[in-house]
Amino acid sequence: MNDHYSLGGKVFTQLKNSILAGEFEDGAELREISLSKKLGVSRTPVREALRQLEQEGLVEIFPNRGAHVKGITAKDVEDIFRIRARLEGLCAEMAVSFITQPQLDKLEEIILLSKFYEEKKDMEHLLNMDSQFHEVLFESCGSKMLEHQLKDYHQYVQKARLRSLKRQERAKKSTQEHEEILEAIKAKDAKKADELATRHILNAIANIHMEHES
C-alpha cells in the first residue's frame, strides 16, 4: 500500500512540475492512457494524480471529456506574489532567531556566485542561485509549516520569476536585495529583515508588470 501511494505521489509531483514549467499549454487534454505510457505506470496512479491536481486548481476534469490543464492565470501569479511577500517577510524575521552558521555561510556563497553569473550574463545559473537563496532562507525560519508553504508558492511562480530575472537590471538588483536581507539577518535586526524581504517580493511583482507593459 505504501508503494502504491508513493507511486501516486511521484506521478502527481511529475505532472505538477510539468504544468508549472509550461510543458503543457493551457486547455491541453491530459489523457490517462498517454500519461501512463509516458510515465511507465498504470492508469490508477495517473487518475489519482489528476484528481489531486484538480484540487490544487491546476487541472479541470469534465464529465465525458477528461482532464484539461487549467494552469496559472496572471491574477493567480500576482495573488501568490502578494501572499508570498507577507510570508517571506515573516520568514526573514524568524530566521534572525533560528538561522545556523552553515546556513549563513551558504547564503554568502550563493550571493558571491550570483554576482559571478551576473557578470557572465548566465541567466540559467542565476535563476538557480535565486532559487537556492530563497530555499535556504525558507529552511532557516525554524518553522516546517512556513517553509513548506513558501516552497510551494515559490514553485508555482517559476515561469514568472524567470521572465523577471531575464531583465539584466532586475537580476542585479535582486542580488543586491538578497545581500541586504542577509546583512539584516546577520545584524539580528528582525524588523529590517522583515521589511527588506517583503519589499524584495513586491519589487518582483512591479518588475513583472513592467515586463508586461514593455
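Rounded to the nearest 10 degrees, the inclination of helix 168-186 to the longest alpha-carbon principal axis of the chain is 70 degrees. Structure shown: which of K10/K120; K120/K186; K75/K151; K10/K151; K10/K106; K10/K37 lie over 25 Å apart, alpha-carbon to alpha-carbon? Table pairs above 25 Å Cα-Cα are K10/K120; K120/K186; K10/K106. Distances between every pair of Cα atoms in the chain, grouped in 10 Å steps from 0 to the bin holding the largest one, split as 8, 30, 30, 21, 10, 1 percent. Highest average first, the peptides 88-94, 23-29, 13-19 ordered by how many other beta carbon atoms sit within 10 Å of their residues are 88-94, 13-19, 23-29. Between P102, G8, F62, the Cα set farthest toward the positive side of the dipole of the chain (charges on each charged residue's Cβ, about the Cα centre) is that of F62.
Laboratory data are not the source of any read-out in this text; all were calculated from the coordinates shown. Here the structure is a predicted model, which means the values were calculated and not measured. Note: ideal-geometry Cβ built from the backbone for every residue, glycine included; neighbour counts use all protein chains shown.
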